[in-house]
1. Arranged from highest to lowest average of other beta-carbon atoms within 10 Å per residue, in what order do the peptides 108-120, 11-23 appear?
2. Search the structure for amide H atoms under 5 Å from the amide H of LEU94, placed 1.01 Å from N in the peptide plane, and list their residues when 5 or more places away or on another chain.
3. Tell me the label only: which of (1) 41, 37, 22; (2) 45, 30, 25; (3) 53, 23, 22 is Cα extents along the principal axes in Å as calculated from this structure?
4. May I ask you to give the percent of accessible area on the chain that is carbon plus sulfur, with a probe radius of 1.4 Å?
5. Multiply the residue separation of ILE7 and LEU66 by 0.36 nm, subtract the distance between their alpha-carbon atoms, and state the gained length in nm to one decimal.
6. Of LYS74/LYS115; LYS21/LYS74; LYS87/LYS115, which sit over 21 Å apart, Cα to Cα?
Amino acid sequence: MNTKQFIDKLNKIQKLMNLKKYKEAIILIEQLKELEKRGNFGYNLTHRLYQMDSNSHSLYNQQLLLKFLNELSKLNKSISFQELAEKIHKNYELNLKDDILRREIELLILRNQLKCRIEGDKLIF
């Protein structure tokens, strides 16, 4: 793959992310990461790829968490982070470490996407 094709793929990933199709973006990113290991695309393109990788994973996590927490909040007044991590793993096969789970929820709260608060190790709806 040449540099122009690599850039085209990066642009396609950006479009997928803009459309909130994070899972599709992640699949394409993984393919590009393999190609990047074997090629020499320069620091700027490599940096852009890994920045998109980090952002798409975070946004995908937030997308799943928001959907799940909106449903959960209708049935519960609170949940511990440990219990939430277990339920997320069971429902979505997603393993999030405690610090990552907390960060993603904090970002959702800061972005006014999620109406709740954190008290110690609990999420209060």
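1. Per-residue Cβ counts within 10 Å, averaged per peptide and sorted highest first, yield 11-23, 108-120.
2. Close amide H contacts, sequence-distant or interchain: HIS89.
3. Only one listed value fits the structure, namely (3).
4. Of the solvent-accessible surface of the chain, carbon and sulfur hold 49 percent.
5. 18.1 nm
6. LYS21/LYS74
The values are calculated or read from the model by the stated rules, or taken from the named source; none is laboratory data. Computed from a prediction, not measured in an experiment: that's the story for all the values here. Don't worry about glycine lacking a Cβ; one is built from the backbone with ideal geometry, like all the others, and counts go over all protein chains shown. Note: accessible area is taken over every heavy atom of the protein model, side chains too, but ligands, DNA and RNA are not part of it. Shrake-Rupley method; radii C 1.70, N 1.55, O 1.52, S 1.80 Å.
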